[in-house]
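Have a look at the structure below before the remarks.
Coordinate-derived values only; no laboratory data. All of these numbers come straight from a predicted model, not from anything done at the bench. Ideal geometry is used to build each Cβ from the backbone, glycine not excepted, and the neighbour counts take in all protein chains shown.
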């Protein structure tokens, strides 16, 4: 089995963890920025040849990899919260690599969300797509349509269309429910809506969601906190379940432990 390793050089612990991981694998290649950490030569991320990608960083590093590659990813948290990561950098890395080599793990498939602007595919999100006002502290109007029916119309700061994975990210911070990551659903979350009746909606992922802005002529669409796209009042926006899921390597189902420990529910 061959591994590819992608690390975030901004995390102070990464060099030590990277050196340790390399010592446990025989066949591997390194992403080019990762290789620079230990003065080796690497490859662009889209040219990595590993059967499994090992991510060294936090959730941002993991999201970056999944946006670039469609391969199973095993993530070691070297950052902050690391809710999506599987183990911590302080865990027994030798045993973890041994389990990977022996294929002693499960693969968790997570749905993503495609964004279309005037019928053109403009991006894919694992966490969420956010529509928000293009002007700070200025209210915007939004109309949400679900499978041909107008589901909501409100004025507010914005609206989040999230996957179950994204339910523990931005959506959670504005009051949306936490949804188990493999559920077939989308979460639609008004942000600071100026109407008491505007509440989060959880809908089946087979439904297509459309949105329009109905107030100020411009707004911004942000995909996974990464890509920003200006949208106008006459633009047609549609969001659909992506045909391609992503795969995370899991040693056990510890989702509820993570909710308790990392999100400090107690």
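Kindly give the semi-axes, whole Å and largest first, of the ellipsoid equivalent to the chain, taking each as the square root of 5 times a Cα gyration tensor eigenvalue. Present the calculation step by step, with values, prior to reporting the outcome.
Numbers: eigenvalues 268, 71, 54 Å².
Taking √(5λ) for each Cα gyration eigenvalue gives 37, 19, 16 Å.
The packing ranking, built from the mean of other Cβ atoms within 10 Å per residue, places the peptides 150-157, 161-168 in the order 161-168, 150-157, highest first. Considering only Cα atoms, the convex hull volume of the range 25-112 works out to 110 Å³ per residue. Quotient of the Cα radius of gyration of the range 1-157 and 2.2 N^0.38 Å, N being its number of residues: 1.30. Separation of the range 221-252 and the range 6-38, taken as the distance between their Cα centroids, equals 29 angstrom. When Rg and the Kirkwood radius Rh are both evaluated on Cα atoms of the range 163-265, their ratio Rg/Rh stands at 0.99. Over the range 180-223, what number does the Rg to Rh ratio reach, with both radii from the alpha-carbon atoms and Rh per Kirkwood? Result for the range 180-223 is an Rg/Rh of 1.01. Here the gap between residue 102 and residue 134, fully extended at 0.36 nm per residue and compared with their Cα-Cα distance, gives a gain of 6.5 nm. In the range 106-210, the ratio of gyration radius to Kirkwood radius, Rg to Rh, stands at 0.96 when only Cα atoms are counted.
How would you rank 1-11, 235-245, highest first, on the average number of other Cβ atoms within 10 Å across their residues? Walk me through the numbers on the way to the answer.
Numbers: 1-11: 19.5, 235-245: 15.9.
Final packing ranking: 1-11, 235-245.
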